[in-house]
């Protein structure tokens, strides 16, 4: 009889346990899909706000770069708002000067026709030279295709409507970014306190440590990349000027190359292709004299590209150090994802964002173990299961 009661008790206990497990799985299954649904809606909403988010992300990066300067002058007993206004005025004059230089050296309609003619002539000379050296390739077909593309790109009737169609987006960014930067800088302390207010007390110290690590990574990457881009931009401008570019064209080309250099792998290649294309196609005449099978113009191009690429490989590790330690495949995939989501700004921000996510996960894991939250959580789950089993046994 006693054995029968024990068997009956065990069967009831198993039934109760099975029902609890079934209920637990059902509830968590519903929760799981609810969370997935909420995340999907959130991601869709974010994607629809990509232009606005691009402006906000750009403003955040600019604010982060300027904030140390504001802090320095504020420590010199200068009011924060006057420091910010002074920086805005200085930036305005710098941008106005760059625009003036660009317009000054931008070709007129007449000179654009001359550039088009010179480009086609240079292509024909290059084609004839390559046909002799590499007859196996159909250079005539390639040359005709390039000439058609060049003529269409120089056709202002087709180009101007495309530019006008993008003006509204650019204009909205020009409004969003400065205002957002201004209020980010002005209310930096309030924004920081507001964000920290959402953190529970028991996670507060751990969160501060994590934020400090993120600040170190983000700051070293952004400032290091800015310095590297500045160095590469100056050296590239000097290189193209020595090769025969006009001063304004060399500065513009070098500036674009320096900015593009901030994008790992893709940027330096883009900067090199841009300079080579301008050099070969329309700016410098191709000479017929050959040195080791190459013209002096081509040798100059190769020297400039080689020097900038080698310096990039030397400067990048020296400036950035080990602040970002990511696999090249992750870097490339991150750049592609950033480009698809946020365009050029996404390409620039992809690597620091991935590095920050990596640091946050590793730092949180380390801090959770040090503060005992992981072990405490596991212990509480085990204790809860044991107490539930005892309660069922008593029932």
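Looking at 335, 330, can you tell me which residue is under 19 Å from residue 258 (Cβ atoms), assigned to a helix (DSSP H, G or I), modelled with pLDDT of 70 or more and not assigned by the TED database to the domain that holds residue 58?
One residue alone meets the criteria, 335.
Of the numbered conditions (1) modelled with pLDDT of 80 or more; (2) over 15 Å from residue 62 (Cβ atoms), residue 210 fails exactly one; give the number of that condition.
Of the numbered conditions (1) modelled with pLDDT of 80 or more; (2) over 15 Å from residue 62 (Cβ atoms), the odd one out for residue 210 is (1).
Would you check which residues across the range 223-243 are farther than 17 Å from residue 306 by Cα and surrounded by fewer than 18 Cβ atoms within 10 Å (Cβ to Cβ) and list them? Break it down into steps so the answer makes sense when it comes.
First, the residues of the range 223-243 that are farther than 17 Å from residue 306 by Cα: 223-227, 230.
Residues satisfying the conditions are 223, 226, 227, 230.
Show the residue pairs meeting these rules: Cβ distance below 9 Å; 6+ apart or different chains; first residue within the range 90-103 and surrounded by 11 or more Cβ atoms within 10 Å (Cβ to Cβ); second residue modelled with pLDDT under 75.
Correct list of pairs: 101/248; 102/248.
What's the number of the only condition in (1) surrounded by fewer than 13 Cβ atoms within 10 Å (Cβ to Cβ); (2) at pLDDT below 60; (3) assigned to a helix (DSSP H, G or I) that residue 322 fails to meet?
(3)
Going residue by residue through the range 242-256, is there one that turns out to be within 16 Å of the chain's Cα centre (by Cα) and either at pLDDT 80 or above or in a helix (DSSP H, G or I) (or both)?
yes
The values are calculated or read from the model by the stated rules, or taken from the named source; none is laboratory data. These numbers were taken from a predicted model, which means no experiment stands behind them. When we count neighbours, we look across all protein chains shown, and the Cβ atoms used for this are built from the backbone with ideal geometry, even at glycine.
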